[in-house]
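Computed from the coordinates by the stated procedures, all read-outs in this text should not be read as laboratory data. Note that the coordinates shown come from a computational prediction; the quantities given were computed from them, not determined experimentally. All Cβ positions, glycine included, derive from the backbone under ideal geometry; neighbour counts span all protein chains shown.
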Amino acid sequence: MSAVLFFFLQNTLEQCSVCAKPIMERILRATGKAYHPHCFTCVMCHRSLDGIPFTVDAGGNIHCIEDFHKKFAPRCSVCKEPIMPAPGQEETIRIVALDRDFHVQCYRCEDCGGLLSEGDNQGCYPLDGHILCKTCNSARIQALTAKASTDL
């Protein structure tokens, strides 16, 4: 092949959106752009996303689903971990109370530690910004009432 023909072919081939080199073999198309399959990677873990589900953030950065959830999922106000689907799942349950986010297992009474999402203590009875079960809420109200009556 002559140098002129090679130069012509190289200039007519699509260029990879990441490395800007011509794509000589298989083209991976995503987000309206062309990539070498090995150049199409997650911005966080750099794993190849060829044939793997991915998503794009508001800035146009490409993420594997797991890293997208790790970066953008709401954080539990108790354990500080992201609230994200279990491996192999697409959805999860997030509890929001008093403008705070909770995992189902972290949504507990601040006084007795009872789980508020199920069982006899189900439900949140907030008091002064505290997440409480009905029993502990009643006990705090009684204590506040008793203190108020002795202060008179």
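Points to keep in mind about this one:
- Here the 3J(HN,Hα) profile of region 103-111, calculated from phi with Karplus coefficients 6.51, -1.76 and 1.60 at θ = phi - 60°, is 6, 4, 6, 9, 7, 10, 4, 5, 8 Hz, Gly and Pro shown as x.
- Neighbourhood net charge (14 Å Cβ-Cβ; Lys/Arg +1, Asp/Glu -1) for GLU110: +2
- Average Cα contact separation per residue, the chain, under 8 Å, 6 or more apart, as relative contact order %: 9 percent
- For region 42-113, the normalised intensity computed at q = 0.23 Å⁻¹ comes to -1.02 (log10 of I(q)/I(0), Debye sum over alpha carbons, equal scatterers, no solvent).
- Note on the chain: GNM, Cα springs under 10 Å; of ILE27, ILE65, ILE83, the largest mean-square fluctuation is that of ILE27.
- Under the simplified labelling scheme, the ALA143-VAL104 pair shows an inter-label distance of 3.1 nm, with each label point 7 Å from Cα along Cα→Cβ.
- All Cα-Cα distances of the chain, cut into 10 Å bins from zero to the largest, leave 10, 24, 19, 15, 12, 9, 6, 4, 1, 1, 0 percent in each bin in turn.
- Put a plus charge on the Cβ of each Lys and Arg, a minus charge on the Cβ of each Asp and Glu, and nothing anywhere else: the dipole of region 75-151 about its Cα centre is then about 180 debye.
- Overall dimensions of region 75-151, expressed as equivalent-ellipsoid semi-axes from the Cα gyration tensor (√(5λ), whole Å, largest first), are 31, 12, 8.
- C-alpha center-to-center spacing [region 113-152, region 43-88] in angstrom: 37 Å
- Whole-Hz Karplus values for region 78-86 come out as 8, 8, 6, 7, x, 8, 9, x, 5 Hz, taken residue by residue from phi with 6.51 cos²θ - 1.76 cosθ + 1.60 and θ = phi - 60°; glycine and proline positions read x.
- The mean sequence separation of alpha-carbon pairs under 8 Å and at least six residues apart, normalised by the residue count of region 70-152, gives a relative contact order of 17 percent.
- With Cα atoms, 0 to 90° folded angle of helix 134-151 axis to the chain main axis: 50 degrees
- Estimated [θ] at 222 nm from DSSP helical runs (n ≥ 4, -39500 (n - 2.57)) normalised by residues in the chain, nearest 500: -7500 deg cm²/dmol
- For the chain, lysine pairs with C-alpha atoms less than 21 angstrom apart, excluding pairs fewer than eight positions apart on the same chain, total 4.
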